[in-house]
Amino acid sequence: MSKLSLTGKQIRAIGYPEGPVVSVAMHVMCTSFKHHTEEQALDILKDILAAPETYAEDAVLGKIAEKLIVLPEAENAVQIPLNETGIEYRVFGAKQIEEGALKQMAVAAKLPVAVAGALMPDAHQGYGLPIGGVLATNNAIIPYAVGVDIGCRMCLSIFDIEAKDLEKRASHYQRELVANTLFGAGQEFKETTDHGILESEVFDEIPFVKNLQHKAARQLGSSGSGNHFVEFGEVEITDAYNPFHVPPGKYVGLLSHSGSRGLGAQIAGYYTRIAMMETPLPQEAKHLAWLDLDTEAGMEYWLSMNLAGDYASACHHTIHQKIAKAIGHKPVAMVENHHNFAWKELWEGKEVIVHRKGATPAGKDVLGIIPGSMTAPGFIVKGKGESSSVNSASHGAGRKMSRSKALANITNEALKKELAEHGVKLIGGGLDEAPFAYKDIHEVMKGQTALVDVLGKFLPKIVQMDGAKHKDWRNKKR
């Protein structure tokens, strides 16, 4: 097979601006995707250009995205030095965590505003704070410690329907799942859904956010690409004294995972630019620039972040309401939690800002869902309020392969075999989200027995994800 060869002219022809990004894109594609065709490689580059924030966390493609996400440096700015010794923090499940994530957390711990921290067992390298990183700060909010997909969350509806009905009427559940969901970067509905979140006064108070209102209305009730999903599965309740009062047994469940769509990504990028101007940091920490909460920009971001979190919740509720209506059943219980967010919490008697980037709130008796992969179980949990984790737990199994590495090493045949062995129907999705790209959820859960109690499980059966053709970059048929 001939090796990929791209020219700067080809890359500029698809819309890339003049500058360093062209040579970076050429180098990344010709080294990491050298066995792709020109058409496949250019399709990948088009996707990154359309939504660079979506790829910011990717260990390989993030190098291109970083050049497209223009982050200015303050003129004649004096860098704020990091502390020589950082705060102490606990690492859970350290054997499963890659070196890049450990290094990122060590840098975050040296920030002058850092108060407390922890690293969850599903952690992997991200952008700024590692995914799975928890960081408490003193009166400071760090946009990239919250994350690009602000308020990304899990939502589970439990229906009083026997789990075996999923197998009996699989085509019915699949049809309604497809009919009532929309996936993909930039995707919008032709008709909007009425919801109170669209009338939030924050849209009127902050001009930048006001400009995002129309798109937010069009995307309400949709899901993004990547690891976002909506799926039917089997809920097994094992704890008779669960707080949602569902008797032990097996039920039909609907589980969704997505965030604040374009609204959150635009807010993250905009306020990170401002933060980097106001708090310039050394190169290794520059993406951890913060905003003081007593500044205008800091308060604007705080209000915008909370709006994005509420919007993400509204998206989930809209999806669940549509599907519940379609199958003719109201849920008997709903469990919901979010990550990629920051909360005001008390730490040693003082109010701090706790950032949980890819980490689940796990305060005393706080409910949450920790998913596995498209073939691995998820867990319904109740937090124990463990202070060494800053009242947090993992948000999933966590990646062990970057998207680019997964695409280069996983075959369609292997994925199909894995799905068949677990009796899972996949709609959309792709090799970059194959179960092999994720850590063993059982090992992750072992690493956090001190953080959560397990109340039940969720076994995926019909999984809907983004079906964009670029998701099968390596074996795409034309």
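The values are calculated or read from the model by the stated rules, or taken from the named source; none is laboratory data. All values reported here derive from a predicted model rather than from experimental measurement. Positions of Cβ are generated from backbone atoms using ideal geometry, with glycine treated the same way; all protein chains shown enter the neighbour counts.
Of everything listed in (1) part of a strand (DSSP E or B); (2) under 25 Å from Asp194 (Cα atoms); (3) of a type in the set (Asp, Glu), the single unmet condition for Glu351 is (2). Entry remark, segment 323-333: residues being closer than 18 Å to Phe229 by Cβ and either surrounded by fewer than 17 Cβ atoms within 10 Å (Cβ to Cβ) or not assigned by TED's automatic domain parsing to the domain that holds Ile370 (or both) number 1 in total. Look at segment 189-210: where a residue is within 12 Å of Leu303 (Cβ to Cβ) and a partner is of a type in the set (Ser, Thr, Tyr), sitting 6+ places away or on another chain with Cβ atoms under 6 Å, you get Phe208/Tyr270; Val209/Ser304.
If the condition is being surrounded by fewer than 23 Cβ atoms within 10 Å (Cβ to Cβ) and touching a Leu at 6+ places or on another chain (Cβ under 8 Å), then segment 307-319 contributes Ala314, Thr318. When the test is whether a residue is modelled with pLDDT under 95 and over 28 Å from Ile161 (Cα atoms), Glu348 passes it.
Could we say that Phe203 is surrounded by 13 or more Cβ atoms within 10 Å (Cβ to Cβ), at pLDDT 95 or above, touching a helix residue (DSSP H, G or I) at 6+ places or on another chain (Cβ under 6 Å) and in a strand (DSSP E or B) here?
Working: surrounded by 13 or more Cβ atoms within 10 Å (Cβ to Cβ): yes; at pLDDT 95 or above: yes; touching a helix residue (DSSP H, G or I) at 6+ places or on another chain (Cβ under 6 Å): yes; in a strand (DSSP E or B): no.
Considered against the rule, which asks whether it is surrounded by 13 or more Cβ atoms within 10 Å (Cβ to Cβ), at pLDDT 95 or above, touching a helix residue (DSSP H, G or I) at 6+ places or on another chain (Cβ under 6 Å) and in a strand (DSSP E or B), Phe203 comes out as no.
Criterion first (touching a helix residue (DSSP H, G or I) at 6+ places or on another chain (Cβ under 6 Å), surrounded by fewer than 24 Cβ atoms within 10 Å (Cβ to Cβ) and at pLDDT below 95) does Glu284 satisfy it? Taking the combined requirement at face value, the residue satisfies it. Screening segment 433-455 for residues that are part of a loop (DSSP other than H, G, I, E, B) and aliphatic (A, V, I, L, M) and picking the one that is nearest to Glu421 (Cα to Cα) gives Ala434.
Selection within segment 287-297: residues that are surrounded by fewer than 21 Cβ atoms within 10 Å (Cβ to Cβ) and touching a strand residue (DSSP E or B) at 6+ places or on another chain (Cβ under 9 Å). The member of this set that is farthest from Ile206 (Cα to Cα) is Asp292.
Against the test of being among the small types (Gly, Ala, Ser), surrounded by 18 or more Cβ atoms within 10 Å (Cβ to Cβ) and closer than 26 Å to Leu367 by Cβ, the options Ser258, Ser304 yield a single qualifying residue, Ser258. Summed over segment 371-430, the residues that are assigned to a loop (DSSP other than H, G, I, E, B) and hydroxyl-bearing (Ser, Thr, Tyr) give a count of 4.
If only residues of segment 41-92 that are at pLDDT 80 or above and polar (S, T, N, Q) are counted, the one that is nearest to Val22 (Cα to Cα) is Gln79. Filtering segment 410-448 to residues that are hydroxyl-bearing (Ser, Thr, Tyr) and under 26 Å from Met334 (Cβ atoms) leaves only Tyr438.
Residue by residue, here is whether (1) in a loop (DSSP other than H, G, I, E, B); (2) in contact with a strand residue (DSSP E or B) (Cβ under 8 Å, 6 or more places away or on another chain) holds:
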{"position": "Thr192", "(1), (2)": "yes, no"}
{"position": "Leu198", "(1), (2)": "no, no"}
{"position": "Phe208", "(1), (2)": "no, no"}
{"position": "Asn227", "(1), (2)": "yes, yes"}
{"position": "Val230", "(1), (2)": "no, yes"}
{"position": "Glu234", "(1), (2)": "no, yes"}
{"position": "Tyr241", "(1), (2)": "yes, no"}
{"position": "Tyr251", "(1), (2)": "no, yes"}
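Does any residue of segment 383-391 turn out to be among the basic types (Lys, Arg) and within 18 Å of Arg90 (Cα to Cα)? Yes, segment 383-391 contains a residue that is among the basic types (Lys, Arg) and within 18 Å of Arg90 (Cα to Cα). Can you find a residue in segment 449-457 that is of a type in the set (Val, Ile, Thr) and in contact with a helix residue (DSSP H, G or I) (Cβ under 6 Å, 6 or more places away or on another chain)? So far as segment 449-457 goes, no, none of its residues is of a type in the set (Val, Ile, Thr) and in contact with a helix residue (DSSP H, G or I) (Cβ under 6 Å, 6 or more places away or on another chain).
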